[in-house]
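Here is the structure we will look at.
Throughout, read-outs are computed from the coordinates displayed, never taken from laboratory work. The structure displayed is predicted, hence computed values, not measured ones. Cβ placement follows ideal geometry from the backbone for every residue including glycine, while neighbour counts extend to all protein chains displayed.
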Amino acid sequence: MTAPARRSRRVVGVVLAVLAWCGSARPARAQQPFLVDDAEVTPARVWHVELSSQLDVLRPAALPARWQNVFEWEVNYGAGARLELAALLPFVSLVSDAAGRRAAAHGIGDSTLAAKWRLTRDPGARHALSLAAMLELPSGSRARGLGTGLVDYGLNLVSQHRVHERAVVRVNGGAVLAGNTQSGAVGIRERGSVLTAGASIVTPLTARAQVGGELTLAWSQKASLGGSAIGWQFGTNITVRNGVTLDAGVLGGWFDASPRFGVQVGMSADLR
């Protein structure tokens, strides 16, 4: 194998390492397509399923990787009146151009287990707090570059504020305490603590549709151009029927740890 081919193979292996995300340590996305979590939890003894597919155009720093798609399955369960448990499994597809040849790699990444506890007891409170914790398990093959081979964990504090009858603001702040914020070919790759934050505003557009925007931030102690990430997203979700929504968003970011541009589509459903 030639030296350029070996280098390309190593790069592809690195950029395939999958998530402990989040522009935040995103355990459970209860309000797709947004990454900034909300303070709500799945009702007790109810199963909630979320499917999403995100296609990203990558920055030059990811070369020879050109673009990636991350398809995620997430299952949430209401374990109590204010407690939600979640499990997430991603499937990553990465397209690279190396030595004038196009190559594709596909596979399951590292899985995530999460729990979210709503600290505010009043379900109708205008201001609410929740605390989320995540544990990432090395289910992706490290030999194939699909996982880190490491156990990661993190915390996220969620605040939610109804500032107007037609506007809800959500703010997240947390840390990945052992690990990184990789999501396929993007994300902070430094091993260690990463601080995360995010804010969003969502408003109803019609009786069945809501729209919103968000800004997310990740920063590592070893801050560099590739050690920080600022992301943005504009999205919507449309209620098809009670408990079922279709979700879509456009997104992008700044610095090498963010995608240049991306689109996301998905659906969410309560299984009652």
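Extending 7 Å from Cα along the Cβ direction at Gln221 and again at Leu113 yields two label points whose distance is 2.7 nm.
Which FRET efficiency value, to the nearest 0.05, is calculated for Asp97 and Leu137 with the Förster distance at 35 angstrom and r the Cβ-Cβ distance?
0.65
Note on the stretch 225-272 and the stretch 40-99: Cα centroid distance 10 Å, given to the nearest whole angstrom.
Here the simple spin-label model places points 7 Å from the Cα toward Cβ, and for Leu205 and Ala104 these points are separated by 3.1 nm. Applying 0.36 nm per residue to the separation of Glu40 and Trp73 and subtracting their alpha-carbon distance, the gain on full extension is 9.9 nm.
Here the simple spin-label model places points 7 Å from the Cα toward Cβ, and for Val265 and Arg121 these points are separated by 4.5 nm. For the stretch 54-141, the Cβ-based charge dipole about the Cα centre amounts to some 200 debye (Lys, Arg positive; Asp, Glu negative; other atoms uncharged). Which shape class applies to the stretch 37-170: rounded if a/c is under 1.5, otherwise prolate when a/b exceeds b/c and oblate if not, where a ≥ b ≥ c are the square roots of the Cα gyration tensor eigenvalues? Taking the square roots of the gyration eigenvalues as a ≥ b ≥ c, the stretch 37-170 is prolate. The amide H of Thr120, built 1.01 Å from its N in the peptide plane, has Leu129 as neighbours under 5 Å, considering only residues 5 or more places off or on other chains.
Looking at the stretch 225-255, none of the chymotrypsin sites (Phe, Trp or Tyr not before Pro) sits in a DSSP loop with at most 11 other Cβ atoms within 10 Å of its own Cβ.
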